[in-house]
Amino acid sequence: MSVDAVAARLDVETGQGRSLAWWGMVMTILTEGTLFAMLIFVYYYLYSRASEWPLGEIEPPELLIVSIRTALLFASSATMSVADRAIRRGRTGIASVAMVTTFLLGAVFLAGHVEEMLRLPEEFTWATNVYGSLFYVIVNFHGAHLLIGLIFLVFAWMALRRGRYTADSHVGLKVTGMYWHFVDVVWVFVFPTLYLVPHFLAK
């Protein structure tokens, strides 16, 4: 299916004035948000019951690089907001630059995630213990969502460049922004849970 065809389908509106894509994204965010909430709840539940944390005398994950990555990810949320405001004012050039910037910031974050996974000690795997399992599942689950967000950005940017979006009709860009902000908000909870707790609230 071409980029134009995808963009056209996203613009279909329901009788309530909201597009099908908007409602679909809302349901996606609610569903995926619930999954993340459950995983983080399990993490803190096990943390509260454990006599030591991280389990198995595992070294806490490093903080410097992930803190820089976190700043880049939050910056990408700001640039995505710039793109949304720009398209609503009909400034497609600014929207295009802002979306490219968002993509680059997200790509750097994801590259750092991959590099972090490769640097983890060999003895620390998803099968090491329940702490390892939760760390790998949560952080990679978020990474997978970020990758999906990058793909959304590519399609939305291509549609923008082809003139599919205007100040009055830009549903595809709107839902892409919704998803991107969702991924960033999830990281607000993932970062302190997986990286700050093991350092500052270790048992």
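The values are calculated or read from the model by the stated rules, or taken from the named source; none is laboratory data. The structure presented is a predicted model; accordingly, all values stated were derived computationally and were not measured. Quick reminder, even Gly has a Cβ in these numbers, built from the backbone with ideal geometry, and neighbours come from all protein chains shown.
Tell me the residue from GLU59, GLU32 that is touching a residue at least 24 places away in the same chain (Cβ under 8 Å) and in a loop (DSSP other than H, G, I, E, B), please. Don't jump to the end; show me each part of the working.
On the way: GLU32 fails: in a loop (DSSP other than H, G, I, E, B).
Step by step, each of GLU59, GLU32 is checked, and only GLU59 is touching a residue at least 24 places away in the same chain (Cβ under 8 Å) and in a loop (DSSP other than H, G, I, E, B).
Under 22 Å from ARG49 (Cβ atoms), modelled with pLDDT of 95 or more and buried (at least 18 other Cβ atoms within 10 Å of the Cβ): does that describe TYR179? Give the steps one after another, and end with the answer.
Values: under 22 Å from ARG49 (Cβ atoms): no; modelled with pLDDT of 95 or more: yes; buried (at least 18 other Cβ atoms within 10 Å of the Cβ): yes.
Here the answer is no, as TYR179 does not meet what is asked.
Tell me, yes or no, whether segment 90-107 has at least one residue that is within 19 Å of the chain's Cα centre (by Cα), free of Cβ contacts under 8 Å to residues at least 40 places away in the same chain and either under 24 Å from PRO192 (Cβ atoms) or not in a helix (DSSP H, G or I) (or both). Checked segment 90-107: at least one residue is within 19 Å of the chain's Cα centre (by Cα), free of Cβ contacts under 8 Å to residues at least 40 places away in the same chain and either under 24 Å from PRO192 (Cβ atoms) or not in a helix (DSSP H, G or I) (or both). Within segment 137-162, the set of residues being free of Cβ contacts under 8 Å to residues at least 40 places away in the same chain and out of contact with any Ser or Thr (no Cβ under 6 Å at 6 or more places or on another chain) comprises ASN140, GLY143, ALA144, LEU147, ILE148, ILE151. Just checking, does segment 156-174 include any residue being over 22 Å from VAL108 (Cβ atoms), part of a helix (DSSP H, G or I), of a type in the set (Val, Ile, Thr) and at pLDDT 95 or above? No - not one qualifying residue is present in segment 156-174.
Hey, can you tell me all the residues within segment 46-99 that are β-branched (Val, Ile, Thr) and surrounded by 15 or more Cβ atoms within 10 Å (Cβ to Cβ)? Talk me through it step by step, then tell me what you get.
First, the residues of segment 46-99 that are β-branched (Val, Ile, Thr): 58, 65-66, 68, 70, 79, 82, 87, 92, 94, 97.
Listed by number, the residues that qualify are ILE58, VAL66, THR70, THR79, VAL82, ILE87, THR92, ILE94, VAL97.
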